[in-house]
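Laboratory data are not the source of any read-out in this text; all were calculated from the coordinates shown. Note that the coordinates shown come from a computational prediction; the quantities given were computed from them, not determined experimentally. Note that each Cβ is placed from the backbone with ideal geometry, even for glycine, and that neighbours are counted across all protein chains shown.
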């Protein structure tokens with residue numbers, strides 16, 4: 001059975017192939033699911049070469065250049081951190097696009113300001129870097145079994161959707 005996640009991933013890989021461009025990922029809350037989705041597509045090696053799981057703040061700083069000041073001031077789950085993650089992985093890899101995810105999948109860890117389901121997704125290109133904040137309820141992927149997993153898959157789907165739009169506007 002082909003899922004909505006499979007379809008968007010295949011579409012993104014085809015679009016990247018069509019413009020002869022690559023993407024790299026920096027993941028926190030999705031823990032490799034975004035990279036895994038991309039590499040599940042046959043032929044993805046032509047558009048994907050780098051993916052890092054930077055779950056720990058130390059990894060965010062050491063591997064992809066997130067500033068300690070950013071983490072101290074805004075926290076790991078912030079648009080500021082997501083922007084630095086996306087830009088850092090794009091620059092490290094030399095890819096045309098950098099995509100990042102950082103968030104709180106739950107079931108614990110949420111606060112009033114950042115409830116469970118809060119995810120920031122960053123997109124970086126040579127022209128611009130930006131991030132958007134979402135609060136997912138997991139309903140889109142409720143059939144995955146538990147809310148934490150559903151939130152993580154919703155973050156992956158949304159990151160791929162943002163990337164698809166960015167490629168189409170290329």
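Observations, loosely collected:
- Conditions (1) farther than 21 Å from residue 158 by Cα; (2) without any contact (Cβ under 8 Å) to a residue 40 or more places away in the chain: number failed by residue 19: (2)
- Close pairs (6 angstrom Cβ cut-off, 6 or more residues apart or separate chains): free of Cβ contacts under 8 Å to residues at least 24 places away in the same chain in the range 44-61, surrounded by 13 or more Cβ atoms within 10 Å (Cβ to Cβ) anywhere: 57/71; 57/76
- Complete set of residues in the range 71-87 that are buried (at least 18 other Cβ atoms within 10 Å of the Cβ) and without any contact (Cβ under 8 Å) to a residue 24 or more places away in the chain: 71
- Residues (assigned to a loop (DSSP other than H, G, I, E, B) and within 12 Å of residue 103 (Cβ to Cβ)) located in the range 120-137: 136
- Meets criteria (surrounded by 17 or more Cβ atoms within 10 Å (Cβ to Cβ), part of a helix (DSSP H, G or I) and over 15 Å from the mean Cα position of the chain (by Cα)) for residue 16: yes
- Filter result for residue 10 (assigned to a helix (DSSP H, G or I), closer than 15 Å to residue 166 by Cα and without any contact (Cβ under 8 Å) to a residue 40 or more places away in the chain): no
- Residue under evaluation residue 59, criteria (1) out of contact with any strand residue (DSSP E or B) (no Cβ under 8 Å at 6 or more places or on another chain); (2) surrounded by fewer than 23 Cβ atoms within 10 Å (Cβ to Cβ); (3) over 29 Å from residue 7 (Cβ atoms), criterion not met: (1)
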